[in-house]
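Derivation of every value follows stated rules applied to the coordinates shown; laboratory data play no part. Given the structure is predicted, the values throughout are model-derived calculations rather than measurements. Positions of Cβ are generated from backbone atoms using ideal geometry, with glycine treated the same way; all protein chains shown enter the neighbour counts.
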Amino acid sequence: MTGLGHVGVITDTGRKRRRNEDAYVCEPPLFAIADGMGGAQAGEVASRLAAAALKESGAKTLGGEERISDLIQEANRRVYDRSSTDPNTSGMGTTITVALVENGNVAFGHVGDSRAYLIRDGRMEQVTEDHSLVNELMKSGKLSREEAETHPQRSVITRALGTDPDVDADTFTIEAKSGDVFLLCSDGLTDMVGEREILELVELNRQDIDAALKSLVKAANRSGGEDNITVVAFEIAESQALTHDGETRENVVPPPPRDEEDTLTEADAVPAVDTAVVSTAEIQAELEAKERQDRAKRRRSLRRRIVAWLALIAIAAGIALTLYLRFLR
């Protein structure tokens, strides 16, 4: 019979943001992470409303995927209602990734691009699918994984909590094994630290979840700390032996001295929103635009090849003519 082992959580504003718009739930057997979006403090409001809804409604958390779906819909309702009635938070939203450990299984619910990973037998697998523009472009073959990592619109998401009266959440269940470690993380980590390094840092600190989380935050900040960084981790043990590795840590890693270009200006007092939600129609438009660009590139390439071949043919014809005239002499 498996149960929960070590659990931990860490959150940090990163190097570039004044406020932390991430929120989390670490109340075993319920875990969640939310990354808010919106101008002024709206993103912070959205993520905290969602987390509060899970905490309040999850007191008797049983029921697997169906229970998680209900929790996400309740969180969506609260964020949408606030956004619809408060002009200061109009248009706000948040990602949400929820995990519920129950009877040897882990049920998940997911909206947006915050991720859940499973580390098992020295390997790490992303178990959620990003609801993002670049992921749609990758699935359609319009974008490679390498291009997606640096795409200027990689923060554009296709689903978010709180932007509509109802939300379409992915739900699924994983059969857990003793020794599994699950990570829920905001894109402040995954945009800054590659999956291979995340795995290496967790494996290096395998016996101390708290140390592993601190090392992940350090790595994200060393890489620039462009966004808030939040990670929730929990381990599956042979039997219920729940332990918490340290207290929740806020800004545990003092950020390095900012270079001049890193300094926030007065315009940053209300940070620009770098996350947006696009519709299916907008995704299709993006795909069609990319297809048009690809066709134009292919046409240009074909023209260049034709010109090159014509040039070669002309040169060959000139040489042949010269040799023929010499032969006639």
For the E146, T85 Cβ pair and Förster radius 45 Å, calculated FRET efficiency rounded to 0.05 is 0.55
Rounded to the nearest 0.05, what FRET efficiency is calculated for L62 and E129 with R0 set to 25 Å and r the Cβ-Cβ distance?
0.45
Got a sec to turn the phi values of the stretch 77-92 into Karplus ³J(HN,Hα) couplings, 6.51 cos²θ - 1.76 cosθ + 1.60 with θ = phi - 60°, whole Hz, x for Gly and Pro?
4, 5, 5, 5, 4, 5, 4, 7, 10, 10, x, 5, 10, 4, x, 6
Cα gyration tensor category, rounded, prolate or oblate, for the stretch 11-96 with a/c compared to 1.5
oblate
J(HN,Hα) series, the stretch 6-18, from Karplus relation 6.51 cos²θ - 1.76 cosθ + 1.60, nearest Hz, glycine and proline x
6, 10, x, 8, 8, 9, 8, 6, x, 8, 10, 9, 7
Bins of 5 Å from zero: percent of alpha-carbon pairs in the stretch 1-150:
2, 9, 16, 19, 19, 16, 12, 6, 2, 0, 0
Under the 7 Å Cα-to-Cβ spin-label approximation, A317 and E203 lie apart by a distance in nanometres of 6.3 nm
